[in-house]
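Here's the structure we're looking at; comments come further down.
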Amino acid sequence: MDEARTRGGFPERASIEALGSPLARRVEVHGELPSTQERARELVRAGAGHGTAVLARVQSGGRGRRGRRWVSPPGGLWMSLVLRPELSPGKLHRVTPAAAVAGAKALWELGVEARIKWPNDLLVGGRKVCGILAEGEGPCVVLGLGLNANLDPEETGSPGATTLRRELGRDVDLVRLIGLLLGRLETELGRAGEDFGAVLDDWRALDCTLGRRVRVRRFGGVVEGVAADLTSEGALLLETPAGIVEVFEGEVEGLRGDFL
Ligand code: BTN
């Protein structure tokens, strides 16, 4: 770990801005926040735009998808980015799969063989290492990334979780990790407008959901079937006894107990 770019192992604002990413031109780094997601949304309401990033060493009220709590002790990468992607309002849902592909590719660059579980969890060996939360706020999308980096799985509060420390057997340089993530995100978000098919091809190459019998819990109830493919917009196509069902949101679990 390069101590000059970090304080107590956590990145300094200047070291993230020095990465030169257009996604992190104005960076806030906090020792502790309730939630970087809430702080980023507050900044958007106060006029912040594309290129604003918020990080916290610890979150006391981290939020996951579907209203769940996200345990966020020191050592993790808890980061929210304010994005104004070049996508028409009807295509903003493309941010989620683009971010999943970007996150998985960044982890492979670090030597971690991450796979995407639809819609946007990153797993290693069937255990979750990273969660992604994309939320609209005014004209922007606030993209939250929760990556279990330099901590032990027991600290995540989730029996189904893993961490980069566990997978690599060492801690990672968080500034380098952020640089890899921002670089990949910039590329994938750029492709999401005109070349979204290519993003989805990469999604499929990194996927661990398709071809499996799954149960999907969604707001309208539960549906079971074989995860057959994605639509051209990234929805999941499930083959059920009643026919093909298109699923836009939900929580997927493997029907054999383990997820892969
Ligand atoms: C999920 O449920 O898988 C999404 C988890 C997203 C967690 C991140 S951590 C940074 C940002 N701040 C939050 O409160 N949540 C997101």
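The values are calculated or read from the model by the stated rules, or taken from the named source; none is laboratory data. In this text, all values refer to a predicted model and were calculated from it rather than measured experimentally. Backbone-built Cβ (ideal geometry, glycine too); neighbour counts: all protein chains shown. To get the accessible areas, we keep the full protein, side chains included, count just its heavy atoms, and leave off ligands, DNA and RNA. Shrake-Rupley method; radii C 1.70, N 1.55, O 1.52, S 1.80 Å.
A few remarks follow.
- Peptides 67-79, 239-251, 173-185 ordered by packing proxy, namely the average of other Cβ atoms within 10 Å per residue, highest first: 173-185, 67-79, 239-251.
- Taking packing as the residue-averaged number of other Cβ atoms within 10 angstrom, the listed peptides 158-167, 44-53 run from highest to lowest as 158-167, 44-53.
- With protein chains left intact and a 1.4 Å probe, residues in the chain average 43 Å² of accessible area per residue.
- 0 to 90° range, to nearest 10: angle between helix 36-45 axis and the chain longest Cα axis: 80 degrees
- Percent accessible area from carbon and sulfur atoms, the range 122-256, protein chains only, probe 1.4 Å: 48 percent
- You can think of it this way: the chain between Glu246 and Glu194 has 16.4 nm of extra reach, that is 0.36 nm per residue less the Cα-Cα gap.
- Bridges between two residues of the chain, per DSSP, are antiparallel at a rate of about 85%.
- Dipole axis of the range 158-260 (+1 Lys, Arg; -1 Asp, Glu on Cβ), positive-most option in Ile178, Gly197, Leu230: Ile178
- Electrostatic bookkeeping for Phe196 treats Lys and Arg as +1 and Asp and Glu as -1; over the other residues with beta carbon under 11 Å from its beta carbon, the sum is -3.
- On the basis of the beta-carbon distance and an R0 of 30 Å, Arg213 and Leu110 show a calculated FRET efficiency of 0.45.
- The chain: mean projected area of Cα convex hull, nm²: 13.0 nm²
- For the chain, the longest principal axis of the alpha carbon atoms and the long axis of helix 174-194 meet at an angle near 50°.
- If you take the Cα centroid of the range 204-240 and the Cα centroid of the range 46-91, the two points sit 26 Å apart.
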